[in-house]
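What follows is calculated from the coordinates using simple rules that are stated; it is not laboratory data. None of these values were measured; they are calculated from a predicted model. Using ideal geometry, Cβ is built from the backbone for each residue, glycine included, and neighbour counts are taken over all protein chains shown.
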């Protein structure tokens with residue numbers, strides 16, 4: 001095995017990077033892949049909470065870098081998927097505790113017996129972001145259909161181009177089809193038109209995402225959730241399968257029928 | 001070891017300037033020079049700790065990888081590379097792509113060229129890609145962009161600016177005061193245009209964009225009009 005290292009980043013904070021990492025990793029694990037997640041947000045860790053592993057942390061990534069433990073000891077096995085691990089960030093240190101070459105070394109150590117390494121990048125374009133992309137074979141950019149998030153994503157694409165990091169792929173998160181239909185939100189097409197990069201998934205707004213994050217059980221495990229379905233599709237595309245995009249307009253139920261009637265008037 | 005240090009000091013000279021430190025590279029090979037710089041830093045880590053460093057690389061043509069490598073080496077030593085001064089257009093372009101400054105507070109004498117009526121030397125910088133948010137491209141001539149200029153990007157030319165694509169960022173033509181400079185684009189829905197010292201923010205996104213040209217009209221106002229053939 002030679003792992004593919006995937007970094008999830010966004011520029012702007014709060015667009016759903018950590019949620020995307022937890023869900024993508026869980027979906028890959030559901031497909032039988034061996035996955036290691038790395039929380040790159042040193043000092044502001046939260047991937048452990050979203051994955052429901054916060055009370056199992058003994059060692060973190062800075063302990064590995066500074067030689068206080070072996071890499072294996074900092075890898076926390078997931079509760080549900082035995083082939084999924086988390087390397088947590090240190091909460092009491094800052095970004096300067098890690099360097100780009102540390103990240104490259106850790107990822108290279110993981111490569112031989114892992115299928116995917118998924119790195120959660122901190123917001124921003126400074127040191128922490130540089131660390132997170134240093135080892136990346138592939139970068140996924142998460143954005144929301146909002147002008148400010150798209151502008152920051154654009155900035156990140158520019159930096160990745162300048163660093164010759166290959167072509168990033170785009171996840172549009174928290175799209176609300178009703179708002180788009182009423183011209184109150186940027187559509188996926190508007191976002192793509194500006195960024196001009198390859199789309200790998202559109203995740204609809206879905207309250208079960210928040211519920212799942214708070215419970216420490218990623219939404220991908222909920223077979224009924226549309227956001228969960230979107231993340232399962234992204235995981236399939238990451239594995240090289242050609243999966244058609246979901247039709248987000250196809251909703252059933254009384255409420256959407258009423259919305260549709262209202263829209264027609 | 002001492003010999004090595006002396007050699008390193010002769011290859012790269014470091015001095016304090018108003019904005020931090022300036023390392024001036026001699027004409028040796030790029031690898032020798034950055035090695036010399038890193039050697040000097042490792043020798044006196046406390047002096048360099050947290051420093052803002054500008055480098056003057058002379059005529060050396062540097063690619064993105066060269067500068068990225070150096071910046072990473074410096075950032076591992078807690079030294080922030082913020083500016084690259086160069087006489088090579090390629091290096092300047094590389095530095096700008098990486099969001100590094102290409103001017104330090106003391107302007108180089110040759111940049112102080114007196115501005116004559118219009119740009120006499122017809123030099124143009126070709127940018128064959130979309131200019132993204134956070135990128136600033138400055139050039140003492142014309143700038144031609146084959147691609148879009150996204151919101152948050154800045155194009156500043158002493159001459160004209162021609163964009164084969166959409167303009168949604170800020171474009172400044174005639175930046176040194178040339179009022180005859182113009183800006184033209186396939187879709188000119190910029191959030192701000194400037195020609196010489198005139199600023200216009202009146203442009204709104206168009207439903208059905210058509211090529212436009214913006215210039216300063218007879219009344220002295222910046223105005224955009226549709227491009228007409230013939």
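The figures follow:
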{"read-out": "Normalised contact order of chain A, rounded percent, pairs of Cα under 8 Å and 6 or more residues apart", "value": "25"}
{"read-out": "Kirkwood Rh and Cα Rg combined as Rg/Rh, segment A:19-76", "value": "0.97"}
{"read-out": "Net lengthening on full extension, residue A:68/residue A:92 (0.36 nm per residue, minus Cα-Cα)", "value": "7.1 nm"}
{"read-out": "Percentage of interatomic Cα-Cα distances in chain A larger than 23 Å", "value": "49"}
{"read-out": "Alpha-carbon gyration tensor eigenvalues x 5, square-rooted, for chain B, Å", "value": "41, 17, 14"}
{"read-out": "Rg/Rh for segment A:49-100, where both radii come from Cα atoms and Rh is the Kirkwood radius", "value": "0.98"}
{"read-out": "Expected-Rg normalisation [2.2 N^0.38 Å, Cα atoms] applied to segment B:2-109", "value": "0.98"}
{"read-out": "Rel. contact order, % - alpha carbon contacts under 8 angstrom, at least six apart, segment B:113-226", "value": "17"}
{"read-out": "Estimated FRET transfer efficiency (residue B:44, residue A:183; beta-carbon r; R0 56 Å; 0.05)", "value": "0.40"}
{"read-out": "Inter-part distance where segment A:101-157 and segment A:1-52 are each reduced to a Cα centre, Å", "value": "10"}
{"read-out": "Simple label model, 7 Å out from Cα along Cβ direction - residue B:87 to residue B:65, nm", "value": "2.7"}
{"read-out": "Calculated over the protein assembly as shown: convex hull of Cα atoms, volume per residue (Å³)", "value": "177"}
{"read-out": "Virtual spin-label span in nm between residue A:44 and residue B:146, 7 Å along Cα→Cβ", "value": "4.0"}
{"read-out": "Shape call, segment A:1-98: gyration tensor on alpha carbons, a/c limit 1.5", "value": "oblate"}
{"read-out": "Tilt relative to chain A, helix A:100-110 - C-alpha long axis, 0 to 90 degrees, to 10", "value": "90"}
{"read-out": "Per-pair calculated FRET efficiency, R0 = 51 Å: residue A:31 and residue B:226 via Cβ, rounded to 0.05", "value": "0.40"}
{"read-out": "Values of log10 I(q)/I(0), in the order q = 0.15, 0.17 Å⁻¹, for segment B:113-226 under a Debye, Cα-only, solvent-free model", "value": "-0.55, -0.71"}
{"read-out": "10 Å Cβ neighbours from other chains, averaged over peptide B:79-88", "value": "0"}
{"read-out": "0 to 90° range, to nearest 10: angle between helix A:254-264 axis and chain A longest Cα axis", "value": "60"}
